[in-house]
1. Expressed as a whole number of Å, what is the distance separating the alpha-carbon centroids of region 106-125 and region 159-225?
2. Between residue 39 and residue 224, what is the spin-label point distance in nm, taking each point 7 Å from the Cα along the Cα→C-beta axis?
3. Only helical DSSP H runs with n ≥ 4 go in: add -39500 (n - 2.57) per run for the chain, normalise by residue count and round the 222 nm mean residue ellipticity to 500 deg cm²/dmol.
4. Could you check how many percent of all C-alpha pairs in region 8-234 are farther apart than 21 Å?
5. Could you check which residue among 112, 67, 179 shows the biggest mean-square fluctuation in a GNM of the chain with a 10 Å Cα cutoff?
6. Nothing charged except the Cβ atoms of Lys and Arg (+1) and of Asp and Glu (-1): what's the magnitude of the dipole of the chain about its Cα centre? Round to the nearest 20 debye.
7. Kindly express, to the nearest 10 degrees and within the range 0 to 90, the angle between helix 139-159's C-alpha long axis and the longest C-alpha principal axis of the chain.
8. Can you tell me the orientation of helix 105-120 relative to the chain, as the angle in degrees between its alpha-carbon axis and the longest Cα principal axis, to the nearest 10?
Amino acid sequence: MTDIDGAVVLVTGANGGLGQEFVRQLRERGAARVYAAARSPRTWDDGGVVPTRLDVTDAASVRDAAAGADDVTVVINNAGVLRSGSLVDGDLDDVRAQMETNFFGPLQVTRAFAPALRRSHGAVVNVASALSWFAIGNGYSASKAALWSATDSLRLELAADGVQVLGAYLAFTDTPMTAGDMPKNDPADVVAAVLDGLEAGAHEVLADELTRAARAGLSAPVHERYDALQEAHRR
Ligand SMILES: NC(=O)c1ccc[n+]([C@@H]2O[C@H](COP(=O)([O-])OP(=O)(O)OC[C@H]3O[C@@H](n4cnc5c(N)ncnc54)[C@H](OP(=O)(O)O)[C@@H]3O)[C@@H](O)[C@H]2O)c1
């Protein structure tokens, strides 16, 4: 269980749709200070929010942020990118960029803040995706699957130090990342569910029905999980 009241929290990707909501709700729940980390920090109309420069793919930038915020008790690895190219025919640089941001980014940030988190018996939240559990043929789902596995390993490694590691999983959510007219979660609801889970000591938060279905579907044979494979299987 992690108290948000009085916590000092670093949020990566703080200028994004979910990031801004994390910052707002953390302060509402009593976080003493929130480091709003972004590649281009913006100003915030709240003295408890500290704009912080941080590119999660840049080791020096991560090191500098950790040195300047050694009072952090909770890290929210929220920054992420989505590119559309396929794994087979798409640009390999896009695949690498998604691995750098969505997998190595949270890993690098967690490693840099580990001393502070261990000292405070704090928490890490990794914002993954329903696509951690459902492949869509691109580098994004591969990167989020890798983040799922890393989240489970980090939880095991940090448990002995009393650090909570929470994986947050969500499907379509109404932020600049997700265009299109499909039904989407309200970012405020997703963030509220994640912060409720953090305070309750949860290992995972599954924010919506699509995500719960993706998780539950993991035990089915792979050809039953994907329409394209069902057709091929019948032939
Ligand atoms: N929206 C959805 O449907 C959905 C579904 C499942 C999971 N997610 C996950 O939720 C998280 C938040 O995404 P969002 O929906 O809020 O999208 P968003 O509005 O596009 O926000 C993503 C943020 O990540 C930041 N970012 C990207 N690369 C970065 C880097 N190298 N270093 C630091 N910050 C970086 C972006 O910063 P800039 O402003 O500098 O570009 C942006 O502010 C992501 O991890 C995403 O994968 C979203």
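1. Here the two parts' Cα centres lie 21 Å apart.
2. 4.3
3. Details: 9 runs with 101 residues, N = 235.
Mean residue ellipticity, 222 nm, calculated: -13000 deg cm²/dmol.
4. Result for the distance tail: 55 percent.
5. Highest fluctuation among the options: 179.
6. 380
7. Its long axis makes an angle of about 50 degrees.
8. Once rounded, one gets 40 degrees.
FYI, it's all coordinate maths here, none of it is from the lab. Just so it is clear, the structure is predicted and the values come from calculations on it, not from any experiment. Using ideal geometry, Cβ is built from the backbone for each residue, glycine included, and neighbour counts are taken over all protein chains shown.
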